[in-house]
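The values are calculated or read from the model by the stated rules, or taken from the named source; none is laboratory data. None of these values were measured; they are calculated from a predicted model. Quick reminder, even Gly has a Cβ in these numbers, built from the backbone with ideal geometry, and neighbours come from all protein chains shown. Ligands, DNA and RNA are stripped out before the accessible areas are found, and what is left, the full protein with its side chains, is counted by its heavy atoms. Shrake-Rupley method; radii C 1.70, N 1.55, O 1.52, S 1.80 Å.
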Amino acid sequence: MLRDHARKYAPWRLIYIVPIWCLELFLMPILVVGLIFIVVITRESPGTVADKAGNKFPVSPGVPIWVIINLIAASIALVLTCMEMIMLNMRDLSPGIFCGFSIVKLVMWFVPIALNLYTFSTKWSVELVNKIMLGVALGFDFALLIPLSLSLVYAFVVFKRFRNSANGYLETHLNDEAAYRQKLNTGMYG
């Protein structure tokens with residue numbers, strides 16, 4: 001990955017970023033597989049649900065929208081996490097990009113959570129099986145909220161530290177009179 005002899009300055013502490021990615025890469029594929037399993041189960045739903053008393057309620061047939069939104073959000077977050085890892089390995093991951101990716105993932109993740117919470121109040125969740133599927137998906141959504149939040153906090157810390165060190169570097173070297181008067185492409189002060 002990042003070898004000491006060949007790397008330029010990087011603000012990353014792998015002891016923090018790797019466990020966050022491990023949590024994300026452990027939970028996201030499980031969620032995606034579970035959502036695909038729900039798609040297979042619900043794709044041929046009859047269009048009605050029954051409660052415990054046997055009352056039937058009409059619902060739209062097919063795969064519920066919350067499953068599709070969860071699947072899209074999990075897939076996008078998984079791709080962004082993989083892009084972060086590849087960019088770090090290629091030494092292209094800057095603190096600004098990492099911060100931007102973390103913000104996008106976290107903000108995007110609130111959409112499936114809100115939609116899942118709303119679905120608990122709809123007629124679709126009347127059946128016990130549907131409640132169980134929705135509850136498991138919501139549990140994974142909340143579990144994934146933890147590493148996504150940690151990633152954002154770490155991204156802000158790295159971004160702030162990187163900006164402060166860059167500002168200190170500029171202040172130090174812009175106030176040096178001899179360096180200011182130095183001719184370009186020479187190693188001697190003039």
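Quick check on segment 125-133. Is at least one of its residues open to solvent by 40 Å² or more (accessible area, probe 1.4 Å), among the charged types (D, E, K, R) and part of a helix (DSSP H, G or I)? Show your work before the answer.
Keep residues of segment 125-133 that are open to solvent by 40 Å² or more (accessible area, probe 1.4 Å), which gives 126-129, 131-132.
Imposing the further condition that a residue be among the charged types (D, E, K, R) reduces the set to 127, 131.
After this cut, where a residue has to be part of a helix (DSSP H, G or I) as well, the list is 131.
There is at least one residue in segment 125-133 that is open to solvent by 40 Å² or more (accessible area, probe 1.4 Å), among the charged types (D, E, K, R) and part of a helix (DSSP H, G or I).
Mind telling me which of the residues L106, L138, L150 ends up being in a helix (DSSP H, G or I) and either touching a Lys or Arg at 6+ places or on another chain (Cβ under 9 Å) or closer than 13 Å to N70 by Cα (or both)?
Details: L106 fails: either touching a Lys or Arg at 6+ places or on another chain (Cβ under 9 Å) or closer than 13 Å to N70 by Cα (or both); L150 fails: either touching a Lys or Arg at 6+ places or on another chain (Cβ under 9 Å) or closer than 13 Å to N70 by Cα (or both).
From the options L106, L138, L150, the qualifying one is L138.
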Within segment 57-91, tally of residues that are surrounded by fewer than 13 Cβ atoms within 10 Å (Cβ to Cβ) and at pLDDT 95 or above
1
Looking at P58, is it out of contact with any Gly (no Cβ under 9 Å at 6 or more places or on another chain), touching a residue at least 60 places away in the same chain (Cβ under 8 Å) and within 29 Å of T122 (Cα to Cα)?
no
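Quick check on my filter: what residues within segment 92-103 are part of a helix (DSSP H, G or I) and open to solvent by 20 Å² or more (accessible area, probe 1.4 Å)? Before you say what the answer is, go through the steps one by one.
If we filter segment 92-103 for residues that are part of a helix (DSSP H, G or I), which is where we start, we get 95-103.
The answer is G96, I97, G100, F101, I103.
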